[in-house]
Amino acid sequence: MSSFALFTSCCSEFPSGELIRQILNVDDLPSADPLIENIFGYDWHVDTKYYTAETKLCCTSRRTIGDESFAENVHAFIVYFNAEESKTFDLAKSWLPYLKQIKPAVQILVCKSCSENTCVKKVTAQEWCIDNNFELVELCPLEESDCEDDFQETTGTKRIIQALHAYTWPDLIMKERPSFRSPYMTELMKEESSRKSHESEKPLDRDAEEPNNRLGDTAVNGELEGLGCNGVVSGTTDLCSGDTPAAATGKSKKTSVNVIDSMLPFEDAALFEAVGADDPGGESFEKLFANFRLMKEKAESLPLEERKIYAEQVATSFWQAIGGEDSDEDT
């Protein structure tokens, strides 16, 4: 059987199918499917960037959850009330005994708007929603969100659709997407691609031709560049502004460590020392990544040569944290 989202209204001036019409984005509702007595359904194709699903948006003008078969498949409940009429709020609350039987995952209380000046005060509606696992959605909120707010609140029908899209419908079909990347990660990948294209004419290092010796996480590479590293972490790949690592120039790894220890705070030095002892990709990697911003600030305050050594040590520690072999051993 299909999955259902049940809509109802507690005031006559706002039909129970009005929200469905807005969600379907049509001028007039199509012909409804009479599912059971007093409950009608409309097909809704859910299509998000992650999945698709087929469900039915159902409406009723009576307080009912139908028969057992229908009730078991109600996954969302949306009820409209008028904040200017307290009796409509009471009618909305009268649905609770029915909802406790079916326990829909999504429960939304809708009104045109409510405030401290409406009959049903906004704080009253919000407190009731919190106590009963509802979300309050205003179709035309009186208080506009701050346009400079980084996390602006979605309101109205868009918020209802958003909540329904966020639910894991039983019959959903995941879209085939090889990876999901944030805008930040996408931008980092573009920068990395541009850098590689720019360096494509340069002779490749022996280890650079081996995929297993490269750190594929572009986010890490981007952070290393912030420390003064322009290359991908590997045994001999350029690390700092085109310079080769200590081993490639004949310098001793121990010399680098001694120099870096003299200018590192105790906690960073201890972290570098312990990073190779954990399992690849384990806690040490997470700690290093979390401390990148602080390390970058420290690096910016160092003289050029010391900054290169610092960046080399960070790169080496990351290489060890993901399971890379120590190519400078005993050199």
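The values are calculated or read from the model by the stated rules, or taken from the named source; none is laboratory data. These numbers come from a predicted model, not from an experiment. Positions of Cβ are generated from backbone atoms using ideal geometry, with glycine treated the same way; all protein chains shown enter the neighbour counts. The accessibility values were calculated without ligands, DNA or RNA, using every heavy atom of the protein model including side chains. Shrake-Rupley method; radii C 1.70, N 1.55, O 1.52, S 1.80 Å.
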Set Lys56/Lys100; Lys56/Lys93; Lys49/Lys103; Lys49/Lys87; Lys49/Lys122, cut-off 32 Å on Cα-Cα distance; pairs above it are Lys49/Lys87; Lys49/Lys122
Any GluC sites (Glu not before Pro) in segment 42-130 that lie in a DSSP loop and have at most 13 other Cβ atoms within 10 Å would be Glu116
Env charge @ Ser3, Cβ radius under 11 Å, K,R +1 / D,E -1, value -2
Any trypsin sites (Lys or Arg not before Pro) in segment 19-72 that lie in a DSSP loop and have at most 11 other Cβ atoms within 10 Å would be Lys49, Arg62
The answer for chymotrypsin sites (Phe, Trp or Tyr not before Pro) in segment 54-152 that fall in a DSSP coil and have at most 12 neighbouring Cβ atoms within 10 Å is Phe151
Taking a probe of 1.4 Å and leaving out DNA, RNA and ligands, segment 1-159 shows per residue an accessible area in Å² of 55
Between the modelled labels at Ile36 and Glu72 (7 Å from Cα along Cα→Cβ) the distance in nm is 1.1
So the FRET efficiency between Lys175 and Glu153, C-beta based with R0 = 25 Å and rounded to 0.05, is 0.35
